[in-house]
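Novice: Okay, handing you the structure first.
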There are 2 protein chains.
Amino acid sequence: MKKTKDDSTESNILNAAKTIFQRKGMDGARMQEIADEAGINKALLHYYYRSKQLLFEAVFKSVFSLLAPQLNKALNNDDSLMDKIKNFTKNYISFIIKHPYLPSFIINELNRNPEFVQKLITEKHFPNIEKFKNQINENIEKGKITSIKPEQLFINIMALNIFPFIASPLLKGFLKISDEDYNKLLEERATEVSNFIINALKV
Amino acid sequence: MKKTKDDSTESNILNAAKTIFQRKGMDGARMQEIADEAGINKALLHYYYRSKQLLFEAVFKSVFSLLAPQLNKALNNDDSLMDKIKNFTKNYISFIIKHPYLPSFIINELNRNPEFVQKLITEKHFPNIEKFKNQINENIEKGKITSIKPEQLFINIMALNIFPFIASPLLKGFLKISDEDYNKLLEERATEVSNFIINALKV
DNA sequence: ATATGGTTTAACCAAATGGTTAACAAATGT
DNA sequence: ACATTTGTTAACCATTTGGTTAAACCATAT
């Protein structure tokens, strides 16, 4: 009987590998650990994915392609700039709360191997920010928002949304607050961040 | 003859270890690689620092205590809130440009081992943000800035300043720009970020 | 029933890795 | 001068780790 995609050994391995690689990174992850997580023999990992490197790349692409369409949709829909900022912040933060290791995993591994981003760019689902940049410029021309380089605004939005998830241990330390309190702050940010950005854009 | 602190074998090792650990992280770094970087035999690493773990902790503390006083000074001087934000952004960005691996190293390793932050907090040079928080609250009460939780503003400042350095490969990919152009953006941010924040705080 | 093909495992292997040892070298004190 | 401590090295060791192999298992087609 042909197994469904969800319980096939191959996707079982991929899921286990996602868990471990996201938690420990390429260097920290062990093939045995992934096999244990998947409940199978280590040799099966190599049977399906040949090497640690290839398994890792499969994981990375899979994880990245979970994130990319999300971003693309948020940037390229027909909402007004203000709505886009509001929705982006709200959706993104609740998405990341479900996948807490995701941003640091991606950012980390791209730091370890910056050339890899070139391979990703060629893929068709890679986020495209041209429309968003145009929208910003139009709003500036119409005098609706203060003048700002679209690139800088984009960086600011990403930074305000993503950074608190990546740097949580450090920020918890600086703020001297508990995990619960920190999570409350994160939830508040779903609205806090867009208010902050929109205020910053006032003329 | 007693060697000076700078060219002693011990600090030679520490410097080599800083270089390698910051580039590769705890998991990715190899003791042999550190020995090569220091131009000495691998056994000497263990002679001075006993184990990889202890060498790593020495590096981490040393790197962190390069950053902490910087932050402390920026937060606890007698400048007005606005000046503080301006100076912080300007100084911090130029500091990080000199130590590009520093933020991701610290954030990464704290993610790998979140309990470690507790050990750091007890040290006397750990950044204290109480004064800064009070200053924010005073400015809000006097109606000088819009109402915002000091914690959120602090997170925003950190995010806007640090994130672009941590996520540079990803952001370069999204923005589809060269390394040179990205570095120009970073330099612009020394003023861009404080303008953005100050505008966001207008009533 | 049995041959066939893909799937799974236990056992194994070579290289890498953190760490140790024992001997040697260079200061230092007497 | 000589003994003692400190610094340094080459060689070595045990374990870990990614990867392989050969045999067993199991579903399906004939």
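Read the figures in this text as sums done on the coordinates, not as results from a lab. Keep in mind that this is a model prediction, so the values were computed, not measured. Here the Cβ is made from the backbone with ideal geometry for all residues, glycine too, and neighbour counts use every protein chain on show.
Novice: Taking the Cα atoms of chain A, what is the range of coordinates along each of the three principal axes, in descending order and whole Å?
Specialist: Each principal axis gives a Cα extent; for chain A these are 62, 42, 34 Å.
Novice: Ok, one more. Show which lysines lie in cross-link reach of A:LYS119 when reach means a straight Cα distance below 16 angstrom and same-chain residues fewer than eight apart are skipped.
Specialist: The qualifying lysines are A:LYS61, B:LYS172, B:LYS176.
Novice: Report relative contact order for chain A in percent, whole number only (criteria: Cα-Cα under 8 Å, sequence separation at least 6).
Specialist: Values: 151 pairs, mean separation 46.7, N = 203.
Dividing the mean separation by the residue count of chain A yields 23 percent.
Novice: Using a label position 7 Å from Cα in the Cα→Cβ direction, what is the ascending list of nm distances from A:THR146 to the same site in the other copies?
Specialist: Result, one decimal in nm: 1.0.
Novice: In percent, what relative contact order does segment A:1-50 have, based on Cα pairs under 8 Å that are 6 or more apart in sequence?
Specialist: Values: 28 pairs, mean separation 16.0, N = 50.
Relative contact order comes out at 32 percent.
Novice: Further question: Are there GluC sites (Glu not before Pro) in segment A:90-154 that DSSP puts in a loop and that have at most 13 other Cβ atoms within 10 Å, and which ones?
Specialist: Passing both the DSSP loop test and the Cβ count: A:GLU115, A:GLU123.
Novice: Additional query: Please report how far the C-alpha centroid of segment A:64-92 lies from that of segment A:117-167, rounded to the nearest whole angstrom.
Specialist: 10 Å
Novice: Calculate the mean, over all residues of peptide A:146-152, of how many other protein chain Cβ atoms lie within 10 angstrom of the residue's Cβ.
Specialist: Taking all residues of A:146-152 together, the mean is 4.
Novice: Sum -39500 (n - 2.57) across every DSSP H segment of at least 4 residues in chain B, then divide by the residue count to get the 222 nm mean residue ellipticity, nearest 500.
Specialist: Helix-only estimate at 222 nm: -25000 deg cm²/dmol.
Novice: Evaluate the charge dipole of the protein assembly as shown about its Cα centre and quote only its size in Debye, nearest 20, assuming +1 on the Cβ of each Lys and Arg and -1 on the Cβ of each Asp and Glu.
Specialist: That gives the protein assembly as shown a dipole magnitude of about 200 debye.
Novice: Select from A:LEU66, A:LEU102, A:LEU175 the residue whose mean-square fluctuation is largest in a Gaussian network model of chain A (Cα-Cα springs shorter than 10 Å).
Specialist: A:LEU175
Novice: Starting from the Cα of B:LYS142, draw a straight line to each of the lysines and keep only those under 22 Å, dropping any in the same chain fewer than 8 residues away.
Specialist: A:LYS202, B:LYS84, B:LYS86, B:LYS131, B:LYS133, B:LYS202
Novice: What average count of beta carbons from other chains do you get within 10 Å of the Cβ of residues in B:95-104? Write down the numbers at each step before the final one.
Specialist: Working: counts 0, 0, 0, 0, 0, 0, 1, 0, 3, 7.
Taking the mean over all residues of the peptide, I get 1.
Novice: Over chain A, with a Gaussian network built from C-alpha contacts below 10 Å, which listed residue (A:PHE165, A:PHE88, A:PHE154) shows the highest mean-square fluctuation?
Specialist: Maximum among the listed residues: A:PHE154.
Novice: How many Cβ atoms of partner chains, on average, are near each residue of B:108-118 if near means within 10 Å of its Cβ?
Specialist: Shielding by partners across B:108-118 averages 5.
Novice: Take the Cα coordinates of the protein assembly as shown, assign each an equal point scatterer, and use the Debye formula without solvent to give log10 I(q)/I(0) at q = 0.06, 0.08 Å⁻¹.
Specialist: Those come out to -0.27, -0.48, one per q.
Novice: Let me ask something else. Hey, with R₀ at 41 Å, roughly what FRET efficiency would A:GLU141 and A:LYS42 work out to, going by the Cβ-Cβ distance, to 0.05?
Specialist: Numbers: r = 60 Å, r/R0 = 1.46.
The value I calculate is 0.10.
Novice: In whole angstrom, note down how far apart the Cα centers of segment B:184-203 and segment A:169-203 are.
Specialist: If you average the Cα positions of each part, the centres end up 18 Å apart.
Novice: Starting from the Cα of B:LYS90, draw a straight line to each of the lysines and keep only those under 19 Å, dropping any in the same chain fewer than 8 residues away.
Specialist: Reachable lysines: A:LYS149, B:LYS73, B:LYS98, B:LYS184.
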